[in-house]
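The values are calculated or read from the model by the stated rules, or taken from the named source; none is laboratory data. If you're wondering where the values come from, they're calculated on a predicted model, not measured in any experiment. Neighbour counts are summed over all protein chains in view; Cβ atoms, including those assigned to glycine, are modelled from backbone coordinates with ideal geometry.
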Amino acid sequence: MAYLSHNGGIVQGVLELGFDRVKFFEGDITSTASGFTISPPARRITVNNRSTTLDVYLRLDGGTAVASTAFLPGDNIKICPQGSFSMDFDTISEVSFITASGTAHVEGLLGFKGTIDG
């Protein structure tokens, strides 16, 4: 049996299903960093690397992506060939992509909660 700390209140769990709106994006990623600003911010991002040979590097904290990762945790997320990345966030407002060399095609979805324009 799981132990839940009580502190005199009622334990409340919230399950949030679905999104009010999703938007699709796709494009070619090269060795020159590129990206976009998301306004209003999204809550979920899913990115599929369609390349069969190239890694794609993704950065979501407002900085510019670089084509490297290391054993120590860093800001770049590596998406292997034919791989995908999906994660929920409080807010996602900027995305940056890069490859080490060559051109890789990516497809992605952004999930939004609440009212958005466009």
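Check Val47, Val11 and return the single one that is among the hydrophobic types (A, V, I, L, M, F, W, C) and modelled with pLDDT under 95.
On the way: Val47 fails: modelled with pLDDT under 95.
The conditions single out Val11.
Within the stretch 62-73, can one find any residue that is outside any loop (DSSP other than H, G, I, E, B), modelled with pLDDT of 95 or more, buried (at least 16 other Cβ atoms within 10 Å of the Cβ) and not acidic (Asp, Glu)?
Step one: list which residues in the stretch 62-73 are outside any loop (DSSP other than H, G, I, E, B), which gives none.
Looking through the stretch 62-73, none of the residues is outside any loop (DSSP other than H, G, I, E, B), modelled with pLDDT of 95 or more, buried (at least 16 other Cβ atoms within 10 Å of the Cβ) and not acidic (Asp, Glu).
Which of the residues spanning the stretch 78-105 are β-branched (Val, Ile, Thr), in contact with an Asp or Glu (Cβ under 8 Å, 6 or more places away or on another chain) and exposed (fewer than 13 other Cβ atoms within 10 Å of the Cβ)? Outline the logic, then answer.
Going through the stretch 78-105, the residues β-branched (Val, Ile, Thr) turn out to be 79, 91-92, 95, 98-99, 103.
Checking which are in contact with an Asp or Glu (Cβ under 8 Å, 6 or more places away or on another chain) leaves us with 79, 99, 103.
Selection gives Thr103 alone.
Give me the pairs: first residue in the stretch 39-63 and at positive phi, second residue of a type in the set (D, E, K, R), beta-carbon distance under 7 Å, and six or more apart or on different chains, which are they?
Gly62/Glu94
Name the residues in the stretch 16-44 that are part of a loop (DSSP other than H, G, I, E, B) and at pLDDT 95 or above, would you? Show your work before the answer.
Taking the stretch 16-44 first, the residues part of a loop (DSSP other than H, G, I, E, B) are 16-20, 30-33.
Thr30, Ser31, Thr32, Ala33 - these are the residues of the stretch 16-44 that are part of a loop (DSSP other than H, G, I, E, B) and at pLDDT 95 or above.
Which of (1) over 11 Å from the mean Cα position of the chain (by Cα); (2) surrounded by fewer than 16 Cβ atoms within 10 Å (Cβ to Cβ) does Val56 not meet, given it meets every other one?
Of (1) over 11 Å from the mean Cα position of the chain (by Cα); (2) surrounded by fewer than 16 Cβ atoms within 10 Å (Cβ to Cβ), only one is false for Val56: (2).
In the stretch 59-73, which residue that is under 15 Å from the mean Cα position of the chain (by Cα) and of a type outside the set (A, V, I, L, M, F, W, C) is nearest to Ser86 (Cα to Cα)? Break it down into steps so the answer makes sense when it comes.
If we filter the stretch 59-73 for residues that are under 15 Å from the mean Cα position of the chain (by Cα), which is where we start, we get 59-65.
Imposing the further condition that a residue be of a type outside the set (A, V, I, L, M, F, W, C) reduces the set to 59, 61-64.
On the way: Arg59: 13, Asp61: 15, Gly62: 18, Gly63: 19, Thr64: 19 Å.
So the residue we want is Arg59.
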